[in-house]
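The values are calculated or read from the model by the stated rules, or taken from the named source; none is laboratory data. Here the structure is a predicted model, which is why all the values come from computation and not from measurement. Cβ placement follows ideal geometry from the backbone for every residue including glycine, while neighbour counts extend to all protein chains displayed. Surface accessibility is based on the protein's heavy atoms, side chains included, excluding ligands, DNA and RNA. Shrake-Rupley method; radii C 1.70, N 1.55, O 1.52, S 1.80 Å.
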Amino acid sequence: MERTYVCEVKESTDTSVLLRGWIHKIHDLGKITFIQLRDKTGIIQLVLDKKFEERLKLEMCIEVLGEKAFNEKAPGGIEILVNSIQVIGKAYYDNLPFEINNYKIKAALETQLDYRTISLRRPKLRAVFKIQEEITEAFRLYLREKRFSEIHTPKIISSSTEGGSEMFTVNYFNRRAFLAQSPQFYKQMMVGAGFERVFEIGHAYRAELHNTWRHLNEYVSLDVEMGFIKDEFDLMTLEEGFINFLFKHLKKTCSEELQMHNIELPDNVEIPKIPLGEVQKLLLEKFNKKSPVGNIDAEGEVLLSKYIKETYHSDFVFLTKYPVSKRPMYTMPDSEIEGVTKSFDLIYKGLEITTGGQRIHDYEMLKENIIKFGLNPDDFSFYLDSFKYGMPPHGGFAIGLERLTMKILDLENIREATLLPRDMKRLEP
Ligand code: AMO
């Protein structure tokens, strides 16, 4: 007999079913026992009216043969009258680290992360990763339809891409190497190599000394790079299109998961674009909030989002025209306004989820800029040399997958949107 998944029971025409899963709940009334069986797709009630040899325990894996019965009082209106039950995955614990069948897990996030294989058994927590899976799926579908090619670039590299000291070092056969902060150089090089439009879904590593609700030391970066653009506004249009495509896709594929988290996604997202300088002025005037030079801080991001929501009814806002001093050496300077770049950030519900911009595509200009930034062009020769052979005007952006997931679901901590987080204190599980 073939296994039936819980989600198929109601629709299936068979009256006898074979189910497999975990014991989610046991309610022993003496003569009769109700068990909730949980599999990947849902939870169903089992009714046992005789004693079984093995002592049943929460979270054991079982295999059940039974008959379908409609019962209005059962969750989902259907239950299984059990003919036979077999334990196929024993449980060896004395006490579970925390209960997972309650309305809410009563354990700190750190404990839940310590026991990730237990906490993820809760459908609501696993739903986060179904959403995440569909974000990457939508990213792929959207971009491939627009002639983007998916690439996979090395994560062990020889030089910094984003500047700063936030690099993990690796001993690479007695040479110093680094873990990639982003696929920045390679995605640009592949545009020049003739792919024109590329994307990558891959890990990025940041040795940041920030143990906060929004920082990870290893995260998944959704990277895009597009050749033959006019300017950075082409990129913002592309990203706005993605957000709309994504929300439609999630509504289609994850309605149950969104409902579990009480989330309703908007229909038509139109994202306002405001230059950084104006935003800083606005924050000062409206909220008496001073910003750091050439940027806004975390509190500023929250205040700005509140203002944008009230004024433009949007959860998103693009900040444009960041100063040269705050962007990496590959960023294209603005030709009209001295001292600023053709770059942008995307803020979503009070958090930066994207950085992007047009890049310098002219070899001489890039070489000069590397020197201007106090760097040595020889250290970047593999990257710089690829600009000698005809590089189209291009640009791109990167979205932090966990940050996007967290904000879609209104989660409080980025670790909740990370399957197995790596932060300053956590290297396990
Ligand atoms: P940036 O460094 O701003 O830009 O990173 C892009 C996006 O990646 C996410 N992100 C992080 N998420 C979690 N923890 C972190 N420590 C972390 N650091 C970054 C954020 C951020 O907006 N090469 C450029 C992108 C480009 O221009 O194409 C870059 O990496 O969501």
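Tabulated data for the structure shown
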{"item": "Hey, Ile44 under 18 Å from Lys10 (Cβ atoms), open to solvent by less than 10 Å² (accessible area, probe 1.4 Å) and not acidic (Asp, Glu) or not", "result": "yes"}
{"item": "Residue within region 213-235 that is in the same structural domain as Lys146 (by TED's automatic domain parsing), within 11 Å of the ligand (Cβ to nearest atom) and open to solvent by 70 Å² or more (accessible area, probe 1.4 Å) present", "result": "yes"}
{"item": "Members of region 279-328 that are open to solvent by less than 30 Å² (accessible area, probe 1.4 Å) and of a type in the set (Asp, Glu)", "result": "Glu301"}
{"item": "Residue count for region 92-133, restricted to those that are open to solvent by less than 20 Å² (accessible area, probe 1.4 Å) and either assigned by TED's automatic domain parsing to the domain that holds Ile43 or in contact with a helix residue (DSSP H, G or I) (Cβ under 9 Å, 6 or more places away or on another chain) (or both)", "result": "7"}
{"item": "Complete set of residues in region 259-278 that are farther than 27 Å from Pro328 by Cβ and surrounded by 13 or more Cβ atoms within 10 Å (Cβ to Cβ)", "result": "Met260, His261, Ile263, Leu265, Pro266, Val269"}
{"item": "Yes/no for Glu402 being touching a residue at least 60 places away in the same chain (Cβ under 8 Å) and of a type in the set (Asp, Glu)", "result": "yes"}
{"item": "Qualifying positions in region 162-179 - assigned to a strand (DSSP E or B), of a type outside the set (Ser, Thr, Tyr) and surrounded by fewer than 14 Cβ atoms within 10 Å (Cβ to Cβ)", "result": "Asn171, Arg175, Arg176"}
{"item": "Some residue of region 131-150 being within 13 Å of the ligand (Cβ to nearest atom), in contact (Cβ under 8 Å) with a residue 24 or more places away in the chain and under 23 Å from Asp362 (Cα atoms)", "result": "no"}
{"item": "Per-region count, region 390-429, residues open to solvent by less than 10 Å² (accessible area, probe 1.4 Å), more than 19 Å from Thr212 (Cβ to Cβ) and more than 9 Å from the ligand (Cβ to nearest atom)", "result": "2"}
{"item": "Criterion: within 21 Å of Tyr5 (Cβ to Cβ) and among the acidic types (Asp, Glu) - qualifying residue of Glu99, Glu145, Glu79, Glu110", "result": "Glu79"}
{"item": "Spans of helices (runs of 4 or more DSSP H) in region 192-296 with at least 1 residues within 24 Å of the chain's Cα centre (by Cα)", "result": "232-253, 255-260"}
{"item": "Of all residues in region 184-199 being open to solvent by less than 10 Å² (accessible area, probe 1.4 Å) and in contact with a His (Cβ under 9 Å, 6 or more places away or on another chain), the one that is farthest from the ligand (Cβ to nearest atom)", "result": "Val191"}
{"item": "Every residue from region 379-389 that is within 16 Å of the ligand (Cβ to nearest atom) and either acidic (Asp, Glu) or at pLDDT 95 or above (or both)", "result": "Tyr383"}
{"item": "Sole exception among (1) open to solvent by 30 Å² or more (accessible area, probe 1.4 Å); (2) small (Gly, Ala, Ser); (3) over 19 Å from Phe397 (Cβ atoms) for Ser159, by number", "result": "(1)"}
{"item": "Residue that is farthest from Val279 (Cα to Cα) [pool: residues in region 343-357 that are within 11 Å of the ligand (Cβ to nearest atom) and either open to solvent by 10 Å² or more (accessible area, probe 1.4 Å) or without any contact (Cβ under 8 Å) to a residue 12 or more places away in the chain (or both)]", "result": "Thr355"}
{"item": "Subset of region 48-68 (residues that are modelled with pLDDT of 95 or more and open to solvent by less than 20 Å² (accessible area, probe 1.4 Å))", "result": "Glu59, Met60, Ile62, Val64, Gly66"}
